[in-house]
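Each remark here refers to the structure printed beneath this line.
Every number here is computed from the coordinates shown, using simple stated rules; none is lab data. What you see is a predicted model; the values in this text were computed from it and never measured. Reconstructed Cβ throughout: ideal geometry from the backbone, glycine too, with neighbour counts over all protein chains shown.
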Amino acid sequence: MPLVDLNLPVAETSLPGDVRAFLREADRRIRRFQREAHFPAFVPSDFPRAYAVLRALSESGQAPGSLFCEWGSGFGVIACLAAFLDFDAYGIEIEGELVDAAQELADDFALPVEFVRGSFIPAGYDVHDHGDEFAWLTTDAGGGHQDLGLEPDDFDVIFAYPWPDEERVTEALFEKCGRSGAVLLSYHTSDDLRVRRKTSARCGR
């Protein structure tokens, strides 16, 4: 199997004060955004839990490096949390308003995170190998990785929150295009946060 689950003990400890302050402000802005905008595909994940998992991953040394990307970054909170933990963090998001909101949030907290508008699906990758209908997956806005000057197999850690009908596409994309040894963190609507490593050799380069 190219993806294997990692045994990653996650300590139940309190959040640092700067992270708590950041999440309070992020929550305030997200609630305001949801009142004023209409993006039904935007559903926040469990941010404190994601931070705890990222911290455990960082402290365990099981990530092969520090380059991090959030696929479908929304408000960019996960990428910002990764930056708090000294990951070199980026985010790719299809909705321009969310990209702007995420970049503003990161900048206001002096977090060195870059967000770009586009699809995290690389050019030429056929998502229809894994289905013909998806609730929200869009691939026609250009390659987000190229706008960052990076490729999917440059990243050491990827975070994604796929809708149920996108889970197989996300996993297959990571299996094909991720680097060997890279880690996929995926949050699911079942409130499950999985941590998996790619064990096969990288493809395409």
Full extension between Thr199 and Glu97 adds, at 0.36 nm per residue less the Cα distance, a length in nm of 33.1 nm
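Could the peptides 73-81, 86-94, 2-10, 167-175 be put in order, highest first, of the mean number of other beta-carbon atoms found within 10 Å of their residues? Mind showing how you got there, number by number?
On the way: 73-81: 27.1, 86-94: 23.8, 2-10: 13.1, 167-175: 19.4.
Per-residue Cβ counts within 10 Å, averaged per peptide and sorted highest first, yield 73-81, 86-94, 167-175, 2-10.
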Protection proxy ranking, peptides 45-58, 153-166, average beta carbon neighbours within 10 Å, highest first: 153-166, 45-58
Once label points are set 7 Å from the Cα along Cα→Cβ at both Ala172 and Val4, what is their separation, rounded to one decimal in nm? 2.4
